[in-house]
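The values are calculated or read from the model by the stated rules, or taken from the named source; none is laboratory data. This structure is a prediction, so every number in the text was calculated from the model and none was measured. Positions of Cβ are backbone-derived with ideal geometry, glycine not excepted, and every protein chain shown enters the neighbour counts.
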Amino acid sequence: MDSNAAFDKFLYPNFSKKLENFIRSKEENTSPNEELNEPVIDLGGFHGSGAGATVDLVRAACLSHGLFQVTNHGVDLELVNSVYGHVNIFFDLPIDAKMRVHRVPGSFSGYSFANADRFTLNLPWKEIFSCVFREGGDDSDEMHLFFESAFGQEFEKIRLDFLKYCAAMKKLSLTIVEILGMSLGVDKQYYKDFFEDNSSILRCNSYPPCHEPGQTLGTGPHCDPTALTILYQDQVGGLEVLADGLWKSVRPRPDALVVNLGDTFSALSNGVYKSCPHRVVVSKSMRRVSMVYFVCPSEEKVIKPPKNLVSSERLRQYPDFKWLDFLNFTQKHYRVDVATLQNFTKWLTSHQPT
């Protein structure tokens, strides 16, 4: 059975797609010429004598392309490997089992094949399993039922592993936004306080082998609309960043997590830092699995930069907006790409009362 046929066997009948549903333009499918030279930052130094050097490395990366990797990040690698194992078990389930937690329109939790519930063309060559975690709301009956439906008898241990993983990621995210604030000359508590009551989305991606990897993408070019993304990727590789006008690959590192900025943090920095344009290419012979932790403000938070990032020399780049409005724009009106924030700003301006 070839790789396309192997992928087809996972598909729910209503999702049966031909290759042309996945084909991207030749411009999108250009191969990277080189690796991205992003900093790999030892966060152990931030809590010691190396805080200044850490801040400088983060500032340089965020002014350039918006991505860096972190080691000594405090997330237990045994826990990472355990959750990674659970995710692989889920993606190996028969399609009927995965469809027990099929993501319904308007929801962020559940299973989706290639976003085919929302789109029909330029589909990403992947399967998705997502969970939403809200501060103080992770022990609900709904959460228990979700994990029991997804994983069966072993769901309780798996659910607890996911909760521990997201708690560790949240702790790490607050350290990162503290560093980002320092790098922008903002009080180091400013962004930590802003994201203290945040929500988060854990999106797990499976990119099956594709016998025509040059014709499709695992994920098309885009910037994340969220504030911050913390990624664990396996060693297959495939993540690429647009830097200096070229697509450059991001080397997987077994002890590191990838951090990239999203549109919401760009707005919070008044555009001083740009969100990171990236995509994922697929392999002809190997499956790639990644676990993506998206840091989001609470839904009613108003996105606006601190006062010291606005001046007569640097006017406001974006209007105030609620995170929920931006989120709804990406779910109801616009397919996320590299210009989502700019087009949301135009949409928001046109829909505000005069």
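Look at residue 160 and say whether it is within 23 Å of the chain's Cα centre (by Cα), modelled with pLDDT under 95, part of a helix (DSSP H, G or I) and closer than 22 Å to residue 292 by Cα.
For residue 160, the condition - within 23 Å of the chain's Cα centre (by Cα), modelled with pLDDT under 95, part of a helix (DSSP H, G or I) and closer than 22 Å to residue 292 by Cα - is met.
Condition check ((1) surrounded by 19 or more Cβ atoms within 10 Å (Cβ to Cβ); (2) under 15 Å from residue 177 (Cβ atoms); (3) not hydrophobic (A, V, I, L, M, F, W, C)) across all residues:
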{"residue": "240", "(1), (2), (3)": "yes, no, yes"}
{"residue": "243", "(1), (2), (3)": "yes, no, no"}
{"residue": "254", "(1), (2), (3)": "no, no, yes"}
{"residue": "258", "(1), (2), (3)": "yes, no, no"}
{"residue": "266", "(1), (2), (3)": "yes, yes, yes"}
{"residue": "278", "(1), (2), (3)": "yes, no, yes"}
{"residue": "285", "(1), (2), (3)": "no, no, yes"}
{"residue": "290", "(1), (2), (3)": "yes, no, yes"}
{"residue": "305", "(1), (2), (3)": "yes, yes, yes"}
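List every residue pair whose Cβ atoms sit under 6 Å apart, with the two residues 6 or more apart in sequence or on different chains, where the first one lies in the stretch 214-225 and is under 24 Å from residue 271 (Cβ atoms) and the second, anywhere, is in a loop (DSSP other than H, G, I, E, B) and among the acidic types (Asp, Glu).
222/337
Can you tell me which condition residue 255 does not meet? The list is (1) closer than 16 Å to residue 224 by Cα; (2) touching a strand residue (DSSP E or B) at 6+ places or on another chain (Cβ under 6 Å); (3) of a type in the set (Asp, Glu), and all the others hold.
Unmet condition: (1).
Looking at the stretch 205-219, which of its residues are in a strand (DSSP E or B) and crowded, with 22+ Cβ neighbours inside 10 Å?
205, 207, 219
Among the residues of the stretch 86-111, write down those that are part of a helix (DSSP H, G or I) and more than 15 Å from residue 158 (Cβ to Cβ).
95, 96, 99
Can you tell which of 262, 271 is crowded, with 20+ Cβ neighbours inside 10 Å and of a type outside the set (Val, Ile, Thr)?
262
Would you check if residue 248 is closer than 29 Å to residue 211 by Cα and buried (at least 17 other Cβ atoms within 10 Å of the Cβ)?
It is true that residue 248 is closer than 29 Å to residue 211 by Cα and buried (at least 17 other Cβ atoms within 10 Å of the Cβ).
If you check 309, 246, which single one turns out to be in contact (Cβ under 8 Å) with a residue 60 or more places away in the chain and touching a strand residue (DSSP E or B) at 6+ places or on another chain (Cβ under 8 Å)?
Sole residue among the options that is in contact (Cβ under 8 Å) with a residue 60 or more places away in the chain and touching a strand residue (DSSP E or B) at 6+ places or on another chain (Cβ under 8 Å): 246.
For the subset of the stretch 178-193 comprising residues that are part of a helix (DSSP H, G or I) and touching a residue at least 60 places away in the same chain (Cβ under 8 Å), which member is nearest to residue 144 (Cα to Cα)?
191
Do any strands (runs of 3 or more DSSP E) lying entirely in the stretch 228-320 carry at least 2 residues that are within 20 Å of residue 59 (Cβ to Cβ) and among the β-branched types (Val, Ile, Thr), and which ones are they?
Filter on the stretch 228-320 gives 228-233, 257-261.
Search the stretch 284-300 for residues being basic (Lys, Arg) and touching a strand residue (DSSP E or B) at 6+ places or on another chain (Cβ under 7 Å), and hand back the single one that is nearest to residue 272 (Cα to Cα).
The qualifying residue nearest to residue 272 (Cα to Cα) is 288.
Please work out which residue is modelled with the highest pLDDT, limiting yourself to the stretch 57-106 and to residues that are exposed (fewer than 13 other Cβ atoms within 10 Å of the Cβ) and more than 19 Å from residue 290 (Cβ to Cβ).
Selected residue: 63.
Any residue that is in contact with a helix residue (DSSP H, G or I) (Cβ under 6 Å, 6 or more places away or on another chain), farther than 24 Å from residue 89 by Cα and not aromatic (Phe, Trp, Tyr) - is there at least one of those in the stretch 206-224?
Within the stretch 206-224, one or more residues are in contact with a helix residue (DSSP H, G or I) (Cβ under 6 Å, 6 or more places away or on another chain), farther than 24 Å from residue 89 by Cα and not aromatic (Phe, Trp, Tyr).
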